[in-house]
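The structure appears below as structure tokens.
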Amino acid sequence: MRSRQRMFAAAMRLLLKCLRLGRRRRFRLARQVEQLWHYGRLCLRSLLYNSFTNGDVVLDSLFEPVYWLVDHVTRWFGVVFVALVIGLTSSIVAIVYICLLPLILQTYTPAWICWHLAYGHWNLIMIVFHYYMAITTSPGHPPQAKNDLTGVSICRKCIAPKPARTHHCSICNRCVLKMDHHCPWLNNCVGHYNHRYFFSFCLFMTMGCIYCSISGWEMFRDAYAAIERMKLLEKERLQVAANQTYYQTPPPTFSFRQRAFHKSVVYLWVLCSSVALALGALTLWHAALITRGETSIERHINRKERQRLQKKGKVSTAHGTGTGWGRATRDAPLPVLQVFRNPYSYGSWDNWKVFLGVDVPRHWLTRVLLPSPHLPHGTGLSWDLPPCVTEQRAPLLAI
């Protein structure tokens with residue numbers, strides 16, 4: 001009896017010791033985790049401490065992985081986008097030649113046939129030429145030697161001379177002369193030497209899509225109605241066939257060729273209309289920038305600079321001749337404020353002549369309405385007065 005009591009007491013003492021050790025280990029583990037947390041937090045603060053940190057810095061730091069992903073992934077997406085443009089354009093051209101052209105030759109009058117053949121092939125040649133030139137022509141890069149340029153800034157990423165209107169492309173990892181933007185649909189930057197090709201491609205592609213949408217409207221309506229009729233007859237045929245034997249199933253109402261024809265016409269019209277709306281808006285936007293003599297980047301820079309000078313009271317909010325604003329009195333007249341102008345703008349008409357390279361009137365035909373590989377004015381390193389500009393206006397408080 002006594003031996004049993006001794007064994008029970010020893011077991012209870014052993015259990016109590018285990019519980020005490022478990023508690024000690026648990027508290028010790030929690031204390032170690034807490035110490036590691038405070039140590040890691042202190043290290044993170046010491047490494048990331050910056051007295052100039054604010055909300056913008058934190059936001060830029062959070063978006064830095066997104067910027068890195070865009071810069072590195074866009075290089076590979078460019079090839080996919082170029083293949084997509086070529087594939088979609090080729091599909092539209094194939095549908096026109098296989099489905100629509102025989103119908104046009106059979107039903108249209110000779111005058112309309114000549115119009116469609118002439119305009120359609122001219123538009124197609126202009127699209128193919130300018131797209132090929134836009135993706136194969138280098139936008140232009142500044143020289144790396146510092147002795148070749150004077151009075152320029154230094155790119156903080158390339159550590160190389162940076163002429164006026166030059167910006168660094170993070171995707172190409174190079175500075176680009178008169179950079180407008182990096183276009184994934186070209187897999188190339190839009191700069192000094194291929195800006196005209198890019199805009200011409202957008203313009204002629206928009207014109208071609210509008211032409212196909214307007215010309216194929218009646219065909220689209222007939223094809224859409226035929227497809228709806230196909231669906232209705234197919235439903236009725238299946239209902240009848242469900243009540244009959246296998247050998248009594250009626251043949252299909254429409255052949256495969258008829259179905260493919262109607263669906264191709266619908267596909268052509270929907271795609272051309274969508275591209276015409278989207279690309280047309282982009283073309284109008286770039287046309288407005290060309291009219292002002294700006295690029296997409298310069299518009300943002302000029303707008304920020306204009307707002308900064310307006311807050312300081314150095315320029316007026318008006319866009320006219322530079323007159324003052326407000327109401328002046330005889331004793332305290334208001335000062336006449338200057339108007340912010342773009343130094344690379346020569347006027348709306350001259351801006352278009354400089355952009356398109358039109359020096360003489362015949363160039364509107366040979367360089368604008370026909371494929372032309374002529375180079376733009378200047379080298380992109382300096383911006384002297386082009387010969388086609390009749391009058392130069394001195395910019396006021398421009399950058």
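Think of each Lys and Arg Cβ as +1 and each Asp and Glu Cβ as -1; about the Cα centre, that makes the dipole of the range 154-241 roughly 700 debye.
The chymotrypsin sites (Phe, Trp or Tyr not before Pro) of the range 75-125 that meet both conditions, a loop assignment by DSSP and at most 14 other Cβ atoms within 10 Å of the site Cβ, are Tyr108. Protection proxy ranking, highest mean first, for peptides 362-371, 163-172, 179-188: 179-188, 163-172, 362-371, where packing is the per-residue count of other beta-carbon atoms within 10 Å, averaged. Against the empirical curve 2.2 N^0.38 Å, the C-alpha radius of gyration of the range 81-161 lands at a ratio of 1.95. In this structure, Leu84 and Leu44 have a Cβ-Cβ separation that, at R0 = 41 Å, corresponds to a calculated FRET efficiency of about 0.40. Scoring 204-215, 283-294 by mean Cβ neighbours within 10 Å over their residues and listing the highest first yields 204-215, 283-294.
Just to confirm a number: summing +1 for Lys and Arg and -1 for Asp and Glu over residues other than His363 whose beta-carbon lies under 15 angstrom from that of His363, what do you get?
Neighbourhood net charge equals +2.
Peptide packing: for 32-41, 190-199, the average count of neighbouring Cβ atoms within 10 Å per residue gives the ranking 190-199, 32-41, highest mean first. For the pair Cys158 and Trp349, label points projected 7 Å from Cα toward Cβ lie 3.7 nm apart.
Throughout, read-outs are computed from the coordinates displayed, never taken from laboratory work. Because the structure is predicted, anything quoted here is derived from the model rather than measured. So basically every Cβ, Gly included, is an ideal-geometry build from the backbone, and we count neighbours across all protein chains shown.
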